[in-house]
Amino acid sequence: MPRKSAPSWFYEQSAVIPFRRRQHGVEILLITSRGKKRWIFPKGVIDPGLTARGSALKEAREEAGIEGKILENPVGEYHYEKWNGSIRVQVFAMEVTRTLEHWEEEDERERKWLHAGRAADRLDRKELRSMLRRFLRHLDD
């Protein structure tokens with residue numbers, strides 16, 4: 001029996017690369033995925049009525065308990081297969097201005113601040129590692 005597809009708007013998603021500047025350099029916040037506990041960035045479906053940027057901010061708050069400012073230029077995008085189709089993920093960088101003590105998905109996910117180089121090594125997907133490296137190369141442009 002073929003698997004069902006998701007609603008068409010599920011195939012457009014957005015994510016953030018959360019970062020903060022410290023004396024010793026840039027730190028990146030990673031979170032774990034729900035099921036497999038892989039290290040990822042906050043990401044989710046762009047709900048109807050939200051922009052990609054607005055959705056990225058919403059996911060950052062819900063999944064990681066962080067707030068901040070999305071940088072003007074997107075880092076890029078990547079695609080992956082799910083729900084019998086190709087999902088496009090727009091990736092933005094977000095400078096974190098506030099870390100919440102409690103947040104919506106705190107019982108389902110871990111979060112961890114890591115030096116930028118160590119964060120890249122922890123990321124599970126090569127697309128995420130590539131996005132992070134691209135962002136870091138252009139951070140001080």
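Read-outs: derived from the displayed coordinates by stated rules, not from any lab. Keep in mind it's a predicted model, so treat the numbers as computed, not measured. Note: ideal-geometry Cβ built from the backbone for every residue, glycine included; neighbour counts use all protein chains shown.
Numbers at a glance
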{"quantity": "Angle in degrees between helix 126-138 and the longest Cα principal axis of the chain, rounded to the nearest 10", "calculated": "40 degrees"}
{"quantity": "Global geometry of the range 73-141, whether rounded, prolate or oblate, following the gyration tensor of its Cα atoms and the 1.5 cut on a/c", "calculated": "oblate"}
{"quantity": "Surrounding net charge for Glu105, when Lys and Arg each add one and Asp and Glu each subtract one, Cβ distance under 9 Å", "calculated": "-4"}
{"quantity": "Gyration tensor (alpha-carbon) shape descriptor, the range 9-138, a/c threshold 1.5", "calculated": "rounded"}
{"quantity": "Stretch in the chain that is longest and holds no trypsin sites (Lys or Arg not before Pro) that DSSP places in a loop and that have at most 16 other beta carbons within 10 Å", "calculated": "39-124"}
{"quantity": "Calculated [θ] (222 nm, deg cm²/dmol) that DSSP helices of n ≥ 4 give over the chain, each run adding -39,500 (n - 2.57)", "calculated": "-5500 deg cm²/dmol"}
{"quantity": "Pairwise Lys count, the chain - Cα closer than 27 Å, eight or more residues apart or different chains", "calculated": "28"}
